[in-house]
Amino acid sequence: MNSLNLNRLTIKRALELLDEGKISSVELTQACLERIKKIDPEVTAYLYVNEEWALEQARLADEKRKAGKHGKLLGIPLAIKDNILIKGHPTTCASKILQNYIAPYDATVILKLKKEGAVFLGKTNLDEFAMGSSTENSAFFPTKNPWDLERVPGGSSGGSAVAVACRMGLGALGSDTGGSIRQPACFCGVVGMKPTYSLVSRFGLVAFASSLDQIGPFALNIEDAALLLEAISGHDPYDSTSAPREVPSFTQILQANANSPFRVGIPKEYFEHELHPEVGKNIEEMISLLKRLGHEVKEVSLPHTKYAISVYYIIAPAEAASNLARYDGVKYGLRVEGKSLIEMYKKSRAEGFGREVKRRIMLGTYALSAGYYDAFYLKASKVRTLIKQDFLKAFEEVDLILTPVSPTPPFKLGEKTSDPLQMYLSDIFTIPVNLAGLPGLSLPSGFTKEGLPLGVQIIGPHFRDDLVLSLGYQMERELNLEVIPPILKAL
Amino acid sequence: MGISIDEVKKIAHLARLELPEEVAQTYTEELSKILDYFASLKEVDTDNVQPTFHPLTWDTPMREDEVKPFEDIEAVLANASELWENMIVVPKVVKAP
């Protein structure tokens, strides 16, 4: 198969072609590997690609298919964010402290994907320990936006977003703590979903902020995202926070809800924020589109939105400071010798962690320290309750909420690196969703005049991931956008 | 609010991070700016609000504490920087009498 096909090849279509015997998983995997060879030197989305391993998995998938075995993703090549463990392969979190770490076990999502027959191509770049909004905080190299190589792909799951945008994998997994799936999906013109907190097991995801972290899919369209989500969701006894409930068939629900009208809320506070004019114009167009589709659109209020950034940048660093205490040079990771145990800890951590990670560990340690706990961590946790209540109240009146994903289109590399606070502010629309534990989706919704992708966010009540996907599916069909980065059109 | 350079050094010690003098100064400036931004939280009335520490709506599930063998102990040990037989070597933590 030629690479032109790859530009429009969805997981669903690839599965049909595989089942009809028109292509093999080896051919498909080979095509993705060739694409990686051609494009990845430009965008640097992957930290690790293992051809031999990928082709071996593909051969196995082809054998299984021949033997009449089934799997929801049998033979489909995927990219995995490098903070998710795959046994026997590196997991670096884009950090020097884990540069030589080889995962001794599989994350639950990986076991589930293996069970469905997926093929892993490699591991993708991220902001170190998923801390960042541009993938510039990777200890190894930044990833570039395929729509404009001078711009960031968003973050922290920038590598996974770019892998899918460039078809260097038919889908990908990322993790989202404050927008780390949705914002890069938006910046790269792909679908990205943060599921309801607890829907997907985090066992084997390197912990950043445990009350916020969630694994989710990147895909070319909603159907593929629904398929991936279906494959990775479900209760896991190894993750005590995972929800003990049945996983619905998201792919079937999409079809069942294909024409269902919803009540969609537009939070007025999100428009009090400074919006880039093209983002503002696009969201107005999306509101018109909703009305055209027969949905009831009404204004809702989320009055505590303006405190979300403060709350998040207290809670997430506090949890990170605790979670990252494990990197001490003792059992795994970088060890820098010192005269005493404490000196070894201090030297290993100082050399192993990058600037942003250290900044957040310091911030979190401060927010939890004696004398400041009440004023920072406890106060933030109380305001978090109010942010969550805002959403619960809004969902008494509407089924779903529509917002921009990011206040601006993709920004330039280096534009925000010198001012951490400016970088933090770019997460204003995605962070509240994590604080409340809700499902959120980023859907490509158009382009700027310069041809950069724009995206819209759909937020649902707890465990209504099905509704979020359903509205996304309706909008996607109506929009019918061709979202192919120019860099691929030459291929 | 702000934070002093001495507080930054104390925090770095608590967080077990070696902090050279010149870096301490930069962190003091950056962290002060971020902490100033957090000041707006003071205006929110939270007197009768319970904190949210996680978004779950159910209690921590309990299960039997069963011992299960981990299959690949070698793979775990292989990540340590110094081994002695099947033990991880660390600097001495107790002083000789």
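Taken together, the values in this text are just the output of simple stated rules run on the coordinates, not laboratory data. Not measured: the values here are computed from a predicted model. Reconstructed Cβ throughout: ideal geometry from the backbone, glycine too, with neighbour counts over all protein chains shown.
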What are the aspartates and glutamates whose alpha-carbon lies under 19 Å from the alpha-carbon of A:Lys379, with same-chain residues fewer than 8 places away excluded? A:Glu319, A:Asp390, B:Asp36, B:Glu43, B:Asp45, B:Asp47
Identify, among A:Leu491, A:Ser211, A:Ala139, the residue whose Cα sits farthest towards the positive end of the charge dipole of the protein assembly as shown, taking +1 on the Cβ of Lys and Arg and -1 on the Cβ of Asp and Glu, with the dipole about the Cα centre. A:Leu491
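Per-residue ellipticity at 222 nm for chain A, helices alone: DSSP H runs ≥ 4 residues times -39500 (n - 2.57), over residue total, nearest 500 deg cm²/dmol? Present the calculation step by step, with values, prior to reporting the outcome.
Working: 19 runs with 198 residues, N = 491.
One gets -12000 deg cm²/dmol as the mean residue ellipticity at 222 nm.
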Once normalised by the length of chain A, the mean sequence separation of its alpha carbon contacts under 8 Å that are 6 or more apart gives a contact order in percent of 17
Under the rule that an exposed site lies in a DSSP loop and has at most 15 other Cβ atoms within 10 Å, name the longest stretch of chain A with no trypsin sites (Lys or Arg not before Pro) of that kind, not counting the sites themselves. A:70-244
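For the stretch A:321-443, what is the Kirkwood estimate of the hydrodynamic radius, computed as the reciprocal of the mean inverse distance between distinct Cα atoms, to one decimal in Å?
Every distinct Cα pair counted, the radius reaches 17.8 Å.
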Mean Kyte-Doolittle hydropathy of -0.5 or higher plus an axial Cα length of 24 Å or more: which whole DSSP H helices in chain A meet both? A:25-43
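Averaged over every viewing direction, what's the projected area of the C-alpha convex hull for the stretch A:1-148? Give it in nm², one decimal, please. Mind showing how you got there, number by number?
Numbers: hull surface 36.2 nm².
Computing the convex hull of the Cα atoms and averaging its projections yields 9.0 nm².
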Can you list the residues, at least 5 places off or on another chain, whose amide H is less than 5 Å from the amide H of A:Phe120, using H built in the peptide plane? A:Leu78
Using the beta-carbon distance between A:Arg355 and B:Ala78 and R0 = 30 Å, what value does 1/(1 + (r/R0)^6) give for FRET efficiency, to the nearest 0.05? 0.50
Identify, among A:Cys186, A:Gly364, A:Leu98, the residue whose Cα sits farthest towards the positive end of the charge dipole of chain A, taking +1 on the Cβ of Lys and Arg and -1 on the Cβ of Asp and Glu, with the dipole about the Cα centre. A:Leu98
Can you give the calculated 222 nm mean residue ellipticity of chain B, where each DSSP H run of n ≥ 4 adds -39,500 (n - 2.57) and the sum is split over every residue, rounded to the nearest 500 deg cm²/dmol? -10500 deg cm²/dmol
Going by the alpha-carbon gyration tensor, a ≥ b ≥ c the square roots of its eigenvalues, is chain B rounded (a/c under 1.5) or, if a/c is not under 1.5, prolate (a/b greater than b/c) versus oblate? oblate
Pairwise Cα inverse-distance average, inverted: Kirkwood Rh of the protein assembly as shown (Å): 24.2
One checks the Cα atoms of the stretch A:306-382 and finds Rg and Dmax, in Å, of 14.2, 47
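A 22 angstrom limit on the alpha carbon distance is what I want to check against. Which of A:Lys22/A:Lys87; A:Lys38/A:Lys87; A:Lys144/A:Lys306; A:Lys346/B:Lys42; A:Lys123/A:Lys194 exceed it?
As for pairs spanning more than 22 Å Cα to Cα, those are A:Lys22/A:Lys87; A:Lys38/A:Lys87; A:Lys144/A:Lys306; A:Lys346/B:Lys42.
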Phi to ³J(HN,Hα) by Karplus 6.51 cos²θ - 1.76 cosθ + 1.60 over the stretch B:65-70, Hz, x for Gly, Pro: 8, 9, 7, 10, x, 8
Between A:Lys339 and B:Asp65, how many nm apart are label points set 7 Å from Cα along the C-beta direction? 4.1
